[in-house]
1. For Asn99, which of the numbered conditions (1) modelled with pLDDT of 95 or more; (2) outside any helix (DSSP H, G or I); (3) loosely packed, with under 15 Cβ neighbours inside 10 Å fails to hold?
2. Please determine whether any residue of region 110-124 is surrounded by 11 or more Cβ atoms within 10 Å (Cβ to Cβ) and in a loop (DSSP other than H, G, I, E, B).
3. Check Ile123, Ile196, Ile170 and return the single one that is of a type outside the set (Lys, Arg) and in contact with a Ser or Thr (Cβ under 9 Å, 6 or more places away or on another chain).
4. Can you tell me how many residues in region 134-163 are open to solvent by less than 80 Å² (accessible area, probe 1.4 Å) and in contact (Cβ under 8 Å) with a residue 12 or more places away in the chain?
5. Is it true that Lys119 is among the charged types (D, E, K, R) and farther than 14 Å from Glu209 by Cα?
6. Output the residue which, of all residues in region 164-213 that are assigned to a loop (DSSP other than H, G, I, E, B) and surrounded by 14 or more Cβ atoms within 10 Å (Cβ to Cβ), is modelled with the highest pLDDT.
7. Could you please tell me which pairs satisfy a Cβ distance under 7 Å, a separation of 6+ or placement on different chains, a first residue in region 53-66 that is closer than 14 Å to Tyr197 by Cα and in contact (Cβ under 8 Å) with a residue 60 or more places away in the chain, and a second residue that is part of a helix (DSSP H, G or I) and small (Gly, Ala, Ser)?
Amino acid sequence: MKVFKETGYMEQSAHFGWQNKDSALYGLREGYKNSADTLVEYVLEHGENPKILDTYVFPILFSYRHCIEISLKHIYRRALGKMPPGGHNLLILWENVKNEIIDQMICSEEFLEHVKGYKENYIHYSLEGIKLTEIKAMLKEMQEANQRIEEVNPSNKQIDQNAEVWRYLISTDENLFFSCGHSIDYLVLKESMNHIYEILDYLYYIVDEYLSS
């Protein structure tokens, strides 16, 4: 039996390898986001089943976290043509996007004047109404991974900077990340992730529009 097999049945086959770097990152973030959304819908349809409620949360949370990470990297790469430093650390990735792209490009009069020089049909995009501090706070909350006070290591409060929590639940030094009861509302989780994702998607759209001649 093979793991990877090409059968020619289009309706049951995935196709990849045709993407360029930009569409690869777009496909990744959309794939992880849509997969998490679909799993949430499945969980809610089976809310009477505690096994589904209490086990699907881990792939859902990892998928949402990963789609946000890829979204930040997608913005940065479209703007500067390279992947950002920061690894899996959402706060470092956010600071890179905020400092180098939002501040120095999207909200920079000098940059916008440069764009006007080559954009025949220039449209100004505003971030008015978008609470950037709220997005940073939500990313910080994601990276703190819902740990309770009694679970937090004071020297390492940002425990999920390496995207390990929802994949393993056990740290490399053999400690459980969670040692007491937790409860997360699936609908609130989905709405929050949608909020972050839509704003990051808008930021990508702005950058792409400004850089497209």
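The values are calculated or read from the model by the stated rules, or taken from the named source; none is laboratory data. Note that the structure is a prediction, hence the values are computed from the model and not measured. Quick reminder, even Gly has a Cβ in these numbers, built from the backbone with ideal geometry, and neighbours come from all protein chains shown. The accessibility values were calculated without ligands, DNA or RNA, using every heavy atom of the protein model including side chains. Shrake-Rupley method; radii C 1.70, N 1.55, O 1.52, S 1.80 Å.
1. The one condition Asn99 does not meet is (2).
2. There is at least one residue in region 110-124 that is surrounded by 11 or more Cβ atoms within 10 Å (Cβ to Cβ) and in a loop (DSSP other than H, G, I, E, B).
3. Details: Ile123 fails: in contact with a Ser or Thr (Cβ under 9 Å, 6 or more places away or on another chain); Ile170 fails: in contact with a Ser or Thr (Cβ under 9 Å, 6 or more places away or on another chain).
Being of a type outside the set (Lys, Arg) and in contact with a Ser or Thr (Cβ under 9 Å, 6 or more places away or on another chain) holds for just one of Ile123, Ile196, Ile170, which is Ile196.
4. Here is the first cut: in region 134-163, the ones open to solvent by less than 80 Å² (accessible area, probe 1.4 Å) are 134-135, 137-139, 142-147, 151-153, 156, 158-163.
Within this subset, residues satisfying the condition of being in contact (Cβ under 8 Å) with a residue 12 or more places away in the chain are 135, 138-139, 142-147, 151, 158-163.
The total comes to 16.
5. On the way: among the charged types (D, E, K, R): yes; farther than 14 Å from Glu209 by Cα: no.
No: the conditions fail for Lys119.
6. To start, the set of residues in region 164-213 that are assigned to a loop (DSSP other than H, G, I, E, B) comprises 164, 169, 171-175, 177-185, 212-213.
Going one step further and asking which of them are surrounded by 14 or more Cβ atoms within 10 Å (Cβ to Cβ), we end up with 164, 171, 177-178.
On the way: Glu164: 94, Ser171: 88, Phe177: 89, Phe178: 91.
The residue in question is Glu164.
7. Cβ pairs passing all conditions: Tyr64/Ala36.
Matching residues to (1) out of contact with any strand residue (DSSP E or B) (no Cβ under 9 Å at 6 or more places or on another chain); (2) modelled with pLDDT of 95 or more; (3) of a type in the set (A, V, I, L, M):
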| site | (1), (2), (3) |
| --- | --- |
| Gly17 | yes, no, no |
| Leu28 | yes, yes, yes |
| Glu45 | yes, yes, no |
| Pro59 | yes, yes, no |
| Phe62 | yes, yes, no |
